[in-house]
Amino acid sequence: METTKWWQKGIVYQIYPRSFQDSNDDGIGDLKGIISRLDYVKELGVDIIWLSPVYASPNDDNGYDISDYYQINPEYGTMEDMDLLIQEAKKRGLKIIMDLVINHTSDEHPWFIASKHKDSKYRDYYIWQKEPNNWTSFFGGSAWDKIDDEYYLHLFSKKQPDLNWHNPDVMKEIQDIMHFWLKKGIHGFRCDVINIIYKSSLANGKKKMVLVGKEHYHSQEGCHNILKTLRKDVMDHYDAFTVGETVLVSVDQANDLIHPDRRELDMVFSFEHMETDQISNKWFRTKFNPNKWMRVISKWQTGAYWNANYMENHDQTRSVSRFGDDTKYHKQSAKMLATINLTLRGTPYIFEGQEIGMTNGDFQSMDDLKDVESHRINEIAKKLHFPKKLRWKMMMRSSRDHARTPMQWNSTGGFTKGVPWLKINANTKTINVENNIDDPESILNFYKRLIQFRKDHHVLVDGMFKPLYMRNNIFIYKRFNESDEILIISNMSRNYKKMPIQIFGKILISNVNRNDFIDGILKPYETIVIQGGISK
Ligand code: ISL
Ligand code: CA
């Protein structure tokens, strides 16, 4: 690697504003709330905050449907609050990146409202046709809806019409928006579904695919050209980076987006490790298979130029419930996932609440769920005569609301004094920031130690990754450079396991507080970081 960039050394903390901290007790998280928790974020040791959308929005998809890119959603506060947040973050040495949602806007954006008139110049900002094609939406069902006598394309909800990236005016508008925020002092963007923004054709898709039509908009040359332009005309003028959210990409497709010579994005979120426990799509899941998961991770570690490493986010269920054990081995498995998250090669991302091992929600019925996707899928499944029990099982396994329950600050919640917009998990009684802070052996304090450890060991940033063992639910890899070598060993199961290879060296971090491994037995969900090597 040439010289290491700040966003390669840095650790990112994702805040989902609606669920982080409410400051005025209307039950909705807000910017003042975030400001009041900046010290907490700073103490964790992270360097960068990724703020999920805070722009004006009717909230059909919790802000991923933007009605004004230059305004703050009044539910979250004002532009003054946002300026203050940037300033207060800066004071603490924290940089902020924002979400850039440019595949679509809200149907309540003035551009779309004007676009309903055929002779408006805004008509061509979106994609209108006399007849729909057979494409399906990410949220299920047709990707087209009708207004008057024509149809418009929406790859997500019908309140999220897709922008027409063939129109140079759209490019100009988006560039202005990016300049506006970067000038305010933010340091980059997380680019929402960025690899599907360019539609090469509107021909019918091949049948039978989960996303019918995908071959006409996924990873198109036109998208690469757009990214090159945004990089050259906008990003290159600031000290900022981009992380693309890239659905359904292979390692090669990712490298085409992030290789430094191509000058497009800086890193991408891949999805393959999030798909190891699903059959054809996220609504049909199988038992989690750690061996499959570690091999996928290893493939990306060795193949991709630079990874954005994450275990969970606002679209995924909680990692400790999904890849660990959120009851008997709650602490152990959360710490094990933390260790992997922070010792892989790439920029680590931590989602709010992950650092205290927040679990999936304890929802009782569809009334408890708020996500537009969950409700839409439930309706479609109902029409297909899926029994209620099966539909609920799908929701409990995959609803995005599992990640979106309010942050658990203390034993009664601490998120709001009002009625929270989404149910707070009853386990806030035991899983909360307050008691984590007090307990030296807590998940939170383990995260703090790991974050500091990563800062103290540059090999974790610039070192190469090499898998050493990926079987029998045991994941062993090393990170190494010319001067240093660190081994990471994780038992991803609830069983005792014999250490599969002979290892020597000094234990630097372990979640079971052991001083040596002479017994050669790995405890359930044990994870150890060792400075040393393997003996053959
Ligand atoms: O969670 C998913 C649906 O099953 C994903 O496919 C998700 O829709 C996809 O990762 C795109 O996500 C992003 O764009 C969406 C928004 O709803 C998500 O919250 C956002 O992360 C549309 O803007
Ligand atoms: Ca509020």
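The values are calculated or read from the model by the stated rules, or taken from the named source; none is laboratory data. Please read these numbers as outputs of a predicted model, since none were measured by experiment. FYI the Cβ positions are ideal-geometry reconstructions off the backbone, even for glycines, and counts take in every protein chain you see. Side chains included, ligands, DNA and RNA excluded: accessible areas come from the protein's heavy atoms. Shrake-Rupley method; radii C 1.70, N 1.55, O 1.52, S 1.80 Å.
Please identify which residues in the stretch 504-536 have an amide N closer than 14 Å to a label point set 7 Å out from the Cα of Y496, following the Cα→Cβ vector. Under 14 Å, as judged by backbone N against the label point of Y496, lie 518-526 of the stretch 504-536.
Quick one: dipole size for the stretch 405-536, taken about the Cα centre, charges +1 on Lys/Arg Cβ and -1 on Asp/Glu Cβ, in debye to the nearest 20.
Values: 18 positive and 12 negative charges, 94 e Å.
Here the size comes out at about 460 debye.
If you take the charge dipole of the stretch 453-498 about its Cα centre, with +1 on Lys and Arg Cβ and -1 on Asp and Glu Cβ, which of M470, S483, S493 is farthest toward its positive end? Going by the Cα projections, it comes out as S493. For the stretch 506-536, the residues whose backbone nitrogen is under 19 Å from a point 7 Å from the Cα of R471, taken along Cα to Cβ, are 521-522, 534-536.
Which percent of the accessible area of the stretch 1-84 is formed by carbon and sulfur heavy atoms (probe 1.4 angstrom)?
Values: 1310 of 2750 Å².
After summing per-atom areas, the C and S share lands at 48 percent.
Each Lys and Arg contributes +1 and each Asp and Glu -1, all at the Cβ; summed about the Cα centre of the stretch 336-486, the dipole is approximately 860 debye. The portion of the accessible surface of the stretch 297-344 made up by carbon and sulfur, rounded to a whole percent, is 45 (1.4 Å probe; DNA, RNA and ligands excluded).
Of the residues L31, S52, Y126, the one whose Cα sits farthest toward the positive end of the charge dipole of the stretch 12-131, with +1 on the Cβ of Lys and Arg and -1 on the Cβ of Asp and Glu, is Y126.
Relative contact order for the chain using alpha-carbon pairs under 8 Å, separation at least 6, rounded to a whole percent?
Working: 1096 pairs, mean separation 68.8, N = 536.
Contact order relative to length: 13 percent.
Taking label points 7 Å from Cα along the Cα-to-Cβ direction, N225 and K393 give a separation of 4.9 nm.
Looking at the chain alone, DSSP beta bridges between its own residues are antiparallel in about 65 percent of cases.
Anything over 29 Å Cα to Cα? Flag those among K282/K331; K146/K199; K32/K121, in the order listed.
Working: K282/K331 26 Å; K146/K199 19 Å; K32/K121 38 Å.
Distance filter (> 29 Å) returns K32/K121.
Around the Cα centre of the chain, unit charges on the Cβ atoms of Lys, Arg, Asp and Glu (plus for the first two, minus for the last two) sum to a dipole of about 2240 debye. One equal scatterer on each Cα of the chain, no solvent, Debye formula: the resulting log10 I(q)/I(0) at q = 0.05, 0.08, 0.10 Å⁻¹ is -0.19, -0.51, -0.81.
Taking the average, over residues, of other Cβ atoms within 10 Å as the packing measure, peptides 61-72, 210-221 rank 61-72, 210-221 from highest down. Taking each residue as 0.36 nm, the span from S142 to S36 lengthens on full extension beyond its C-alpha to C-alpha distance by 33.9 nm.
Subtracting the Cα-Cα distance of K382 and K429 from 0.36 nm times their residue separation leaves 13.4 nm of extension gain. With the helix formula -39500 (n - 2.57) applied to DSSP H stretches of n ≥ 4, the chain reaches a computed 222 nm mean residue ellipticity of -8500 deg cm²/dmol. Projected label points at M209 and R263, each 7 Å from Cα along the beta carbon direction, are separated by 3.1 nanometres. Peptide packing for 246-258, 124-136 was compared via the average number of neighbouring C-beta atoms within 10 Å per residue; ordered from the highest value, the list is 246-258, 124-136.
Once you have the Cα-Cα distance between K9 and K328, take 0.36 nm times their residue separation minus that, and quote the gain in nm to one decimal. Walk me through the intermediate numbers first.
Values: separation 319, 0.36 × 319 = 114.84 nm, distance 3.42 nm.
Extending this stretch completely gives an extra 111.4 nm.
Might you tell me the accessible area per residue for the chain, computed with a 1.4 Å probe and given in Å²?
Working: 21030 Å² over 536 residues.
With the other protein chains kept in place, the chain gives 39 Å² per residue.
Given the pairs K466/K506; K429/K523; K116/K208, which span a C-alpha to C-alpha distance of over 30 angstrom in this model?
Details: K466/K506 19 Å; K429/K523 28 Å; K116/K208 32 Å.
In this structure, K116/K208 lie more than 30 Å apart at Cα.
The distance between label points at K287 and D456 comes to 4.0 nm (points 7 Å beyond Cα on the Cα→Cβ vector). Candidate cross-link partners of K183 among the lysines, defined by an alpha-carbon separation under 19 Å and a same-chain spacing of 8 or more, comprise K90, K91, K95, K172, K232. Note on the stretch 463-534: with neighbouring protein chains present and a 1.4 Å probe, carbon and sulfur make up 48 percent of its accessible heavy-atom surface.
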